[in-house]
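The values are calculated or read from the model by the stated rules, or taken from the named source; none is laboratory data. As the structure is a prediction and not an experimental result, all values here were calculated from the model. Areas reflect the complete protein model, heavy atoms only, side chains present, ligands, DNA and RNA absent. Shrake-Rupley method; radii C 1.70, N 1.55, O 1.52, S 1.80 Å.
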Amino acid sequence: MATEAPPPPRNGLETDHGPASPTTEQFIEVQEGAEFGELRSTYRSFAFPLTLAFIAWYLLYVLLSNYAGGFMGTKVFGNINVALVLGLGQFLTTFLIAWLYSRHAARRLDPRAEAIRTRMEGDA
């Protein structure tokens with residue numbers, strides 16, 4: 001069943017022509033501002049080192065798998081060998097990094113991004 005009611009206003013910002021949006025100039029001004037620079041720096045100081053560390057860890061696993069077959073075939077206990085333990089470690093580190101990023105974003109990135117967004121929508 002269709003209704004004739006207009007859509008609700010976006011965050012309470014409504015003009016005669018629809019929801020208010022920041023201008024291109026406002027986006028550029030925010031992008032060049034110190035607050036946005038700090039947000040990017042905070043993101044990069046977390047994401048880049050962890051990305052490089054994970055890539056190094058992954059490449060180490062691949063190189064060991066290709067060139068250190070004897071080591072990777074070493075039994076740890078039962079039928080579990082070093083290759084399986086390190087392979088499962090890849091999954092574990094993937095989930096660990098995702099969890100760490102989620103915590104980092106919630107504590108340091110999201111509040112700053114929300115403040116910028118609120119200010120931009122309030123200025124529009």
Revision key, fill the gap. Shape descriptor, region 39-124: equivalent ellipsoid semi-axes (Cα gyration tensor, sqrt 5λ, whole Å, largest first) stand at 41, 13, 7
Exercise for review: Could you calculate, for region 54-93, the ratio of the Cα radius of gyration to the Kirkwood radius, expressed as Rg to Rh?
Suggested key: 0.98
Review point. Within the accessible area of region 46-124, what % is carbon and sulfur when the probe is 1.4 Å and the other protein chains stay in place?
Key: 71
Review point. Amide H to amide H, which residues 5 or more places from N81 or on other chains are under 5 Å from it, using H placed in the peptide plane?
Key: V76
Check your understanding: Tell me, in nm to one decimal, what length is gained between I28 and V82 on full extension, where the rule is 0.36 nm per residue of separation less the Cα-Cα distance?
Key -> 14.3 nm
